[in-house]
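Single-structure report; data block below.
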């Protein structure tokens, strides 16, 4: 293999490929990135067997070929090179990285030892126009579980509706839900649970162009494609909770507020909440929401947030971390909070997008 390319192009794509490299893998080959010439471009592939990434770099191909090299070491070398043309050439089990003033040589491992990322794209499910994938999933994916004990909770449910699809994530203590309407009919014959990690990687792609989602039922794989980059992961098997049952149908109190103002108030009260199991209280009054945290040994913090109340005055307590994360991941400022009582879930909504909701279970105090 011998190719000539710009170092800055290789840096960008190699950095992306390293997202699928894990230092904890027991198989040495999984610490490598596969370099392969394909259709006049240089293809980079990486995997930790949980997700896989394949992306291409424009180049001049002088000689076709394929090999693998240690990914992190290769990235360190390439990042140290000036922005200019470089040559990558394989010779006698090594890769030569040549610039105007430098030459680095890396030991290689044959391509045959590298696992195949996917054998087919599968059936096309959905297409997300530029930027929309991140806009949809960033408000939801953070609510999924980081624990592996219940696999279904570590992903995001995508389910077809009569005029689009719904996306839902929950860890058992909070739940994010958004319904997306679209003209193109979703080809979702049945609900699918997408690993949260795969979604988080796909959100990095969505700003570059349209993202198309495929499913291969034969291989139990999901695939996201955006221009010259492909992300691969496995469908999560298991039953997603019946989320409809926990969404309140009645509202006793509804308060309208500014997200940024509330976010500042909650972060300030979080300082004291750290010492009391992260508990803060929200008191919904006629023209304000009072956010408070109290630690007997240290003191207390009380912050008033301007609000407009509909219904009866009320009070509820939450884990402050859940509120901080919710307000950090919802981009809109005009928000509403709904509740029926101190022991029932509280629901955050976006005023201009009633299809979205973020539900948090309260803390009994």
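Bear in mind that the values in this text are calculations on the coordinates, not laboratory data. All values derive from a computational prediction rather than experimental measurement. Here Cβ is always computed from backbone atoms with ideal geometry, including for glycine, and neighbour counts include all displayed protein chains.
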Worksheet entry | Cα long-axis angle, helix 196-205 against the chain (0 to 90 degrees, to the nearest 10) | 70
Practice prompt. Express in nm, to one decimal, how much length is gained between residue 181 and residue 250 on full extension, taking 0.36 nm for each residue of separation and deducting their alpha carbon distance.
Written response: 22.4 nm
Worksheet item: Roughly speaking, what is the centre-to-centre gap between the range 133-147 and the range 294-342 when only Cα atoms are used, to the nearest Å?
Response: 21
Worksheet item: Once the Cβ-Cβ distance between residue 89 and residue 260 is put in as r, and R0 is 35 Å, what FRET efficiency do you end up with, to the nearest 0.05?
Response: 0.05
Worksheet item: With a ≥ b ≥ c the root eigenvalues of the C-alpha gyration tensor of the range 123-243, is it rounded (a/c under 1.5), prolate (a/b larger than b/c) or oblate?
Response: rounded
Worksheet, complete the sentence: Full extension between residue 332 and residue 64 adds, at 0.36 nm per residue less the Cα distance, a length in nm of 91.5 nm
Worksheet item: For the chain, what does -39500 (n - 2.57) per DSSP helix run (n ≥ 4), summed and divided by total residues, give at 222 nm, in deg cm²/dmol to the nearest 500?
Response: -5000 deg cm²/dmol
Practice prompt. Please list 64-74, 245-255 highest first by mean number of surrounding beta-carbon atoms within 10 Å per residue.
Written response: 64-74, 245-255
Discussion item. Taking a ≥ b ≥ c as the square roots of the Cα gyration tensor eigenvalues, with a/c under 1.5 meaning rounded and otherwise prolate when a/b beats b/c, else oblate, which class fits the chain?
Written reply: prolate
Response to the item:
In degrees, nearest 10, the alpha-carbon axis of helix 259-273 is tilted away from the dominant principal axis of the alpha carbons of the chain by 80
Item to complete: Between residue 163 and residue 237, take the C-beta separation as r, use R0 = 22 Å, and let me know the FRET efficiency to the nearest 0.05.
Response: 0.20
Response to the item:
Relative to the chain, whose Cα atoms define the longest principal axis, helix 7-17 and its Cα axis are tilted in degrees, nearest 10, by 60
Item to complete: Could you calculate the contour length gain from residue 119 to residue 297, that is, 0.36 nm times the residue separation minus the distance between their Cα atoms, to one decimal place in nm?
Response: 58.0 nm
Worksheet item: What is the range 54-99 by shape, rounded, prolate or oblate, if you read a ≥ b ≥ c off the alpha carbon gyration tensor as root eigenvalues and call it rounded for a/c under 1.5, prolate for a/b larger than b/c, and oblate otherwise?
Response: rounded
